[in-house]
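Student: First the structure, then my questions, so here it is.
The values are calculated or read from the model by the stated rules, or taken from the named source; none is laboratory data. Bear in mind that the values here come from a model prediction, so they are computed numbers and not experimental data. Ideal geometry is used to build each Cβ from the backbone, glycine not excepted, and the neighbour counts take in all protein chains shown.
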Amino acid sequence: MRYEVLTIFPDMVEQAFRTGVTGRASGDGIIELDTVNIREYSTNSYGSIDGYTYGGGAGMLMQCEPVYQAYEEALKRLEEKRTDKEDGSKDCHPVRVIYMTPVGEVFTQKKAKELSKESELIFLCGHYEGIDERVIDEIVTDRISIGDYVLTGGELSALVVMDAVARLIPGVLKNDESAETESFNTGGLLEYPQYTRPDEWHGRKVPEILLSGDHGKVDNYRMQEMRRVTKEIRPDLYRKYMEDRGIY
């Protein structure tokens with residue numbers, strides 16, 4: 001997987017991405033990350049990339065041309081890294097461009113799985129009051145929101161999506177099973193509670209059934225816990241889980 005991120009804060013993205021699991025995967029060559037600084041494509045002598053909105057309104061808007069030129073640079077980089085075909089030509093295919101915005105579909109695990117099938121992704125991070133709609137219409141394929149709230153920029157939300165997608169790429173997690181048994185990968189239920197040593201801590205004991213060694217009973221217990229936790233914490237998910245099984 002190759003990520004290209006269009007941003008005015010490349011250091012923010014680089015530093016966060018190159019730590020932990022994604023940092024290790026990057027070091028192993030499983031994931032590649034490049035950032036393009038949109039500011040470098042300013043069209044004026046002041047180095048600014050924003051302007052006042054037509055029709056009035058508070059705040060400034062990112063201009064079309066700097067964003068478009070940054071996008072063109074990202075495409076160029078991706079093309080240079082593509083493997084040559086047997087006939088010597090490059091594989092040319094459309095790249096999905098994801099604009100992180102509150103005005104987008106809410107990001108889900110299903111969307112993460114869909115995006116993990118891609119080999120290349122471009123993320124566009126807005127700032128100020130957003131980006132001129134014309135360049136969005138020109139280059140963006142997906143508008144994604146990570147929730148019903150507003151951040152100061154798209155970098156944090158882009159990192160959330162990149163992390164969620166990266167975990168589904170083979171080889172990123174050392175134990176592939178862990179990605180399949182977590183919340184939202186378990187048929188619509190949240191993950192069950194988990195415990196480790198010691199058996200008792202602050203008077204709280206690990207459930208006896210988990211110490212029994214009976215894997216069948218443990219599996220049944222965990223399923224019951226998944227249902228309980230989902231019903232208590234996310235009743236909306238629990239209702240959907242039951243409806244999908246014809247239980248009302």
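Student: Can you pull out every residue in segment 126-178 that is within 24 Å of ARG18 (Cα to Cα) and polar (S, T, N, Q)?
Tutor: Once the filter is applied, which keeps residues that are within 24 Å of ARG18 (Cα to Cα) and polar (S, T, N, Q), segment 126-178 yields SER145, THR152, SER157, ASN175, SER178.
Student: Still on this structure, please answer the following. For segment 106-134, name all the residues that are touching a Ser or Thr at 6+ places or on another chain (Cβ under 7 Å) and closer than 12 Å to VAL161 by Cβ.
Tutor: Across segment 106-134, the qualifying residues are VAL106, PHE107, CYS125.
Student: Where in segment 1-114 are the strands (runs of 3 or more DSSP E), entirely inside, with at least 3 residues that are surrounded by fewer than 18 Cβ atoms within 10 Å (Cβ to Cβ)?
Tutor: Here the list reads 32-37, 96-106.
Student: Go through segment 160-178 residue by residue and tally those that are assigned to a helix (DSSP H, G or I) and modelled with pLDDT of 95 or more. Working first, answer last.
Tutor: To start, the set of residues in segment 160-178 that are assigned to a helix (DSSP H, G or I) comprises 160-166, 176-178.
Going one step further and asking which of them are modelled with pLDDT of 95 or more, we end up with 160-166.
Final tally of qualifying residues: 7.
Student: Have a look at SER145, SER116 and point out the one that is of a type outside the set (A, V, I, L, M, F, W, C), touching a Gly at 6+ places or on another chain (Cβ under 9 Å) and at pLDDT 95 or above. Break it down into steps so the answer makes sense when it comes.
Tutor: Details: SER116 fails: touching a Gly at 6+ places or on another chain (Cβ under 9 Å).
Only one candidate passes the filter, namely SER145.
Student: Tally the residues that are touching an Asp or Glu at 6+ places or on another chain (Cβ under 8 Å) and surrounded by 15 or more Cβ atoms within 10 Å (Cβ to Cβ), restricting the search to segment 143-176. Quick ask: steps written out before the conclusion?
Tutor: Going through segment 143-176, the residues touching an Asp or Glu at 6+ places or on another chain (Cβ under 8 Å) turn out to be 143-145, 170-171.
With the extra rule that they be surrounded by 15 or more Cβ atoms within 10 Å (Cβ to Cβ), the set shrinks to 143-145.
Matching residues across segment 143-176 total 3.
Student: Does segment 121-135 contain at least one residue that is loosely packed, with under 13 Cβ neighbours inside 10 Å and touching a helix residue (DSSP H, G or I) at 6+ places or on another chain (Cβ under 6 Å)?
Tutor: Our first condition is that a residue be loosely packed, with under 13 Cβ neighbours inside 10 Å; within segment 121-135, this holds for 133-134.
Of the ones still in play, those that are also touching a helix residue (DSSP H, G or I) at 6+ places or on another chain (Cβ under 6 Å) are 134.
Yes; the residues of segment 121-135 include at least one that is loosely packed, with under 13 Cβ neighbours inside 10 Å and touching a helix residue (DSSP H, G or I) at 6+ places or on another chain (Cβ under 6 Å).
Student: I'd like to check something: does segment 148-158 contain any residue that is over 20 Å from SER48 (Cα atoms), in contact with a Lys or Arg (Cβ under 9 Å, 6 or more places away or on another chain) and in the same structural domain as ASP28 (by TED's automatic domain parsing)? Talk me through it step by step, then tell me what you get.
Tutor: Of the residues in segment 148-158, the ones over 20 Å from SER48 (Cα atoms) are 148-151, 156-158.
This time we only want the ones that are in contact with a Lys or Arg (Cβ under 9 Å, 6 or more places away or on another chain), so: none.
No - not one qualifying residue is present in segment 148-158.
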